[in-house]
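One structure below.
The values are calculated or read from the model by the stated rules, or taken from the named source; none is laboratory data. Model, not experiment: these values are computed from the prediction. Ideal geometry is used to build each Cβ from the backbone, glycine not excepted, and the neighbour counts take in all protein chains shown. Remember, those area values only see protein heavy atoms, side chains included, never the ligands or the DNA or RNA. Shrake-Rupley method; radii C 1.70, N 1.55, O 1.52, S 1.80 Å.
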Amino acid sequence: MFCSFSLSSQNRTIDSLLSISITIKQDTERVNIYAKLCKKLADNKEFENAIAYGEKAVELAQRINFNKGLKTSFFNLGYVYREKTNYQQALNYYLKSLKTAEIINDKKGQSACYTNIGLVYYNQANYPQALKNYLLALKISEALGEKNNTAKAYLNIGNVYFAQKIYAKALYSYSKAIRIKEESNDTKGLAAYYMNIGVVYDVLKKDDKALEYYFKALEMNKKSNNQEVASCLINIGILYRKQKKYDKSLECFFEALDFNKNFENDYINTNIYLNIGETQSKLSKHKLAINYYKTALSFNTKCNDLENERTIYDELAKSNFNIGNYKEAYLYSVKFSSLTDSIFNAENSRQIGDLRTNFEVEKRESELKLLAKAEKEKLQVLAKEQQQKQRIVILAVAGVLLIVVVFSIFLFRRYKLTQKQKLIIELNEKETQLQKEIVEEKQKEIISSIRYAKRIQQAMLPSEKFIERNLLKRK
């Protein structure tokens with residue numbers, strides 16, 4: 001019922017978006033609707049329709065120069081191709097989305113692109129490139145102070161180390177992620193973090209620590225009542241079986257089976273019945289084990305998991321052999337061998353495809369590096385030209401300033417010389433004036449002397465009238 005409801009809800013959402021896309025007039029909103037349809041259709045495994053709407057979103061966003069919508073459209077097309085396992089196309093679109101996010105300075109968008117590029121590389125088992133992109137996503141998330149995305153980045157980094165069997169670093173990354181989630185009181189998705197760290201301890205054969213984290217994950221999943229409860233119980237049951245605690249192991253598997261009735265997840269049912277069968281085989285209850293293996297096989301036909309199918313055939317062959325049913329054992333053994341060869345050939349094809357994809361990706365990266373190098377050289381040339389221009393301007397300004405300084409010194413010296421000459425002239429004028437005053441004073445003295453002498457003379461000699469009168473008398 002849950003799966004049916006989920007699918008119906010998804011279809012209703014798609015129908016609603018389709019209706020809106022027909023009536024809406026604003027181009028930017030139409031881009032957003034097309035991008036959402038691309039994502040929803042991909043979730044519904046309608047990949048061709050998803051690609052069609054994604055390309056319509058890209059075309060319209062480019063036409064109206066709507067970079068924000070273009071970034072989302074590229075990103076969603078990357079998601080579609082990643083779901084289709086067409087990793088080359090997924091990388092192309094994620095890289096386009098990343099470039100657009102850089103143009104509009106969308107840091108969150110850049111972080112999301114780096115994360116998904118990392119996921120593509122992780123799916124290709126290209127762990128160095130996956131780690132590189134996860135670290136770039138981590139750097140941005142930490143700079144933005146986004147606790148949830150920072151924790152997810154550490155979780156992804158831990159997955160890379162786990163895949164490479166670098167368990168100490170995997171534990172550190174998972175622990176770091178858990179600490180961030182706990183410190184921020186963000187319990188959403190924390191169960192998955194506990195589960196991962198439990199798996200690491202399980203691989204390291206530290207059963208007590210593994211069980212501690214498995215039970216933490218189980219408790220959290222039970223609170224949210226999701227289907228991961230069954231996955232936790234399966235992991236706990238397998239660990240108990242390794243410890244030869246078969247009763248506890250079966251108890252966990254049957255509890256998982258009972259819980260999964262609410263979800264009817266065929267993949268989980270396959271794993272539960274397979275593990276019950278394996279536990280019964282350990283108890284030498286081979287006929288009972290065969291029944292559980294066959295039930296597991298019936299559920300597996302619905303989800304078509306080849307690896308599980310191969311394992312079931314192998315276990316059926318062993319159990320039939322143990323009860324002396326050699327014909328059945330042989331038939332299941334042949335199916336096991338045939339499927340193994342098929343998977344091996346498919347794996348070879350996948351590896352060849354991955355090699356081709358890696359080659360194309362590396363080629364693309366080489367092209368990007370060459371473009372980056374050319375751009376860098378261009379910038380360096382421009383920088384040198386700018387520096388040369390600045391040097392010329394500086395020299396010109398310095399030359400002008402030097403001329404001004406020299407001219408100022410010349411003017412100052414002329415001013416000082418003029419002042420000196422003026423002072424000399426003033427002194428000469430004062431001396432001349434003084435000499436003039438002396439001469440005038442001397443002249444005054446001489447005139448005064450003459451006048452004084454004349455008065456004396458006049459006083460001592462008789463006057464003309466007196467002489468004339470006396471002379472007349474004598475006649």
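Laid out as a table, the results:
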{"read-out": "All positions within the stretch 259-285 that are open to solvent by 30 Å² or more (accessible area, probe 1.4 Å), over 28 Å from residue 323 (Cα atoms) and either modelled with pLDDT of 95 or more or assigned to a helix (DSSP H, G or I) (or both)", "value": "259, 261, 262, 266, 267"}
{"read-out": "Residue ID - surrounded by the most Cβ atoms within 10 Å (Cβ to Cβ), chosen from residues in the stretch 105-146 that are of a type in the set (Phe, Trp, Tyr) and touching a Phe, Trp or Tyr at 6+ places or on another chain (Cβ under 8 Å)", "value": "134"}
{"read-out": "Candidate set: the stretch 329-341, residues that are loosely packed, with under 14 Cβ neighbours inside 10 Å and under 21 Å from residue 293 (Cα atoms); chosen: the one modelled with the lowest pLDDT", "value": "338"}
{"read-out": "The stretch 173-232: number of residues that are among the aromatic types (Phe, Trp, Tyr) and out of contact with any helix residue (DSSP H, G or I) (no Cβ under 8 Å at 6 or more places or on another chain)", "value": "0"}
{"read-out": "Conditions (1) modelled with pLDDT under 95; (2) of a type outside the set (A, V, I, L, M); (3) closer than 26 Å to residue 232 by Cβ: number failed by residue 247", "value": "(1)"}
{"read-out": "Pick from the stretch 267-289, criterion within 14 Å of residue 234 (Cβ to Cβ) and of a type outside the set (Val, Ile, Thr), ranking: nearest to the chain's Cα centre (by Cα)", "value": "267"}
{"read-out": "Tabulated pairs, the stretch 78-91, first under 10 Å from residue 120 (Cβ atoms), second open to solvent by 40 Å² or more (accessible area, probe 1.4 Å) and aliphatic (A, V, I, L, M), C-beta under 8 angstrom, 6+ apart or interchain", "value": "82/119"}
{"read-out": "Number of the condition not met by residue 210 [criteria: (1) open to solvent by 60 Å² or more (accessible area, probe 1.4 Å); (2) among the hydrophobic types (A, V, I, L, M, F, W, C); (3) touching a residue at least 24 places away in the same chain (Cβ under 8 Å)]", "value": "(1)"}
{"read-out": "Subset of the stretch 80-91 [in contact with an Asp or Glu (Cβ under 9 Å, 6 or more places away or on another chain) and open to solvent by 20 Å² or more (accessible area, probe 1.4 Å)]", "value": "83, 87, 88"}
{"read-out": "Selected residue (criterion: modelled with the highest pLDDT) from residues of the stretch 179-191 that are open to solvent by less than 50 Å² (accessible area, probe 1.4 Å) and closer than 20 Å to residue 161 by Cβ", "value": "180"}
{"read-out": "Any helices (runs of 4 or more DSSP H) falling wholly within the stretch 46-140 and containing at least 2 residues that are among the polar types (S, T, N, Q) and farther than 14 Å from residue 153 by Cα", "value": "47-63, 67-83, 87-103"}
